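Okay, structure first, notes after.
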Amino acid sequence: MTPDLFADSCAPWQEAVCEGAVVLRRYALAQDRSLLAAVDSVTAAAPFRHMLTPGGYRMSVAMTNCGPLGWVSDESGYRYDACDPVSGRPWPAMPTVFAELATAAATAAGFPDFMPDACLINRYEPGARLSLHQDRNERDFRQPIVSLSLGLPAVFLFGGLRRSEPARRIPLEHGDVVVWGGPARLRYHGVLALKEGAHPLLGRRRLNLTFRKAG
Ligand code: MD3
Ligand code: FE
């Protein structure tokens, strides 16, 4: 063991991924069925769709949103919008079970009073991936982002403040919650292509919910 190796970078224990990032392993496990029922209620009103990147490519991850603001991408760029461009109607309300989970997890990670106004729901099927990017469409970077993983496991890439920095690989499983804030908030991150598999509740899918204070 060489403690100096970690002195200025990441702590060697699993919960604190890096300064500002905390993994709460299996934090949402006991609520998985009610969370999934709430996802179904959202997708009944705002179905998953494959958005286009500003460059015109179809994203392999299918997405939808709930809450006052939703993240959207099309050929004119990325932004938050109060309305679903498919229906022209406001995004479905954020289910109480979502908001309570996000606030409790943020509090556990040292960010009390987190009140998300946006929940992006990402659906991965085998082969779907998210390339390295920063989340910077939100107004206040002092606000953390809470992410919840459900279904098939995935490998999360956690890089640095520049795209060129090497990325760590963090496995994320069903029920894991991660809170990203402080100095971790603007780090590059992504998700490797989802491997084939079958989850007892979700089958060949992974869902990731990200909670943000966007506006
Ligand atoms: C690290 N989603 O929707 S959430 C995204 O699994 C997104 O679907 C991923 O990245 C997914 O933008 C990962 C984890 C996440 C979210 C925001 C971050 C990690 C982050 C912001 C800064 C650093
Ligand atoms: Fe992101």
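The values are calculated or read from the model by the stated rules, or taken from the named source; none is laboratory data. A quick note: this is a predicted structure, and the numbers were derived from the prediction, not measured. Methodologically, a virtual Cβ is constructed for each residue, glycine included, from the backbone with ideal geometry; neighbour enumeration extends over all protein chains shown. Note: accessible area is taken over every heavy atom of the protein model, side chains too, but ligands, DNA and RNA are not part of it. Shrake-Rupley method; radii C 1.70, N 1.55, O 1.52, S 1.80 Å.
It is to be established whether one or more residues within the range 190-200 are assigned to a strand (DSSP E or B) and near ligand 1 (Cβ under 10 Å from one of its atoms). Scanning the range 190-200 turns up at least one residue that is assigned to a strand (DSSP E or B) and near ligand 1 (Cβ under 10 Å from one of its atoms). Looking across the range 53-69 at every residue that is among the aliphatic types (A, V, I, L, M) and closer than 17 Å to Arg89 by Cβ, the one that is nearest to the chain's Cα centre (by Cα) is identified as Met63. Could you check the range 136-155 and list, in sequence order, the residues that are within 11 Å of the chain's Cα centre (by Cα), within 9 Å of ligand 1 (Cβ to nearest atom) and among the aliphatic types (A, V, I, L, M)? Selection gives Ile145, Val146, Leu148. For Leu157, the requirement of being assigned to a strand (DSSP E or B), at pLDDT 95 or above and farther than 26 Å from Glu100 by Cα is met.
Can you tell me which residue in the range 98-135 is surrounded by the most Cβ atoms within 10 Å (Cβ to Cβ), limited to those that are near ligand 1 (Cβ under 9 Å from one of its atoms) and part of a loop (DSSP other than H, G, I, E, B)? Here the answer is Asp135. When the range 174-215 is limited to residues that are modelled with pLDDT of 95 or more and of a type in the set (Gly, Ala, Ser), the one that is nearest to ligand 2 (Cβ to nearest atom) turns out to be Gly190.
Quickly run through the range 169-180 and pick out the residues that are surrounded by 15 or more Cβ atoms within 10 Å (Cβ to Cβ) and either charged (D, E, K, R) or farther than 21 Å from Leu24 by Cα (or both). Within the range 169-180, Glu173, Asp176 qualify.
Count of the range 173-189 residues, restricted to those that are more than 7 Å from ligand 1 (Cβ to nearest atom) and hydrophobic (A, V, I, L, M, F, W, C), is 2. Looking across the range 196-215, just one residue is open to solvent by less than 20 Å² (accessible area, probe 1.4 Å) and small (Gly, Ala, Ser), and that is Ala214. Within the range 175-189, the set of residues being part of a loop (DSSP other than H, G, I, E, B) and out of contact with any helix residue (DSSP H, G or I) (no Cβ under 7 Å at 6 or more places or on another chain) comprises Asp176, Gly181, Arg185, Leu186, Arg187, Tyr188.
Answer yes if at least one residue in the range 73-87 is away from ligand 1 (no atom under 15 Å from the Cβ), open to solvent by less than 50 Å² (accessible area, probe 1.4 Å), touching a residue at least 60 places away in the same chain (Cβ under 8 Å) and of a type in the set (Asp, Glu), and no otherwise. For the range 73-87, residues away from ligand 1 (no atom under 15 Å from the Cβ), open to solvent by less than 50 Å² (accessible area, probe 1.4 Å), touching a residue at least 60 places away in the same chain (Cβ under 8 Å) and of a type in the set (Asp, Glu): absent. For the range 136-155, the set of residues classified as within 10 Å of ligand 2 (Cβ to nearest atom) and either open to solvent by less than 50 Å² (accessible area, probe 1.4 Å) or under 16 Å from Leu209 (Cα atoms) (or both) consists of Ile145, Ser147, listed by residue number.
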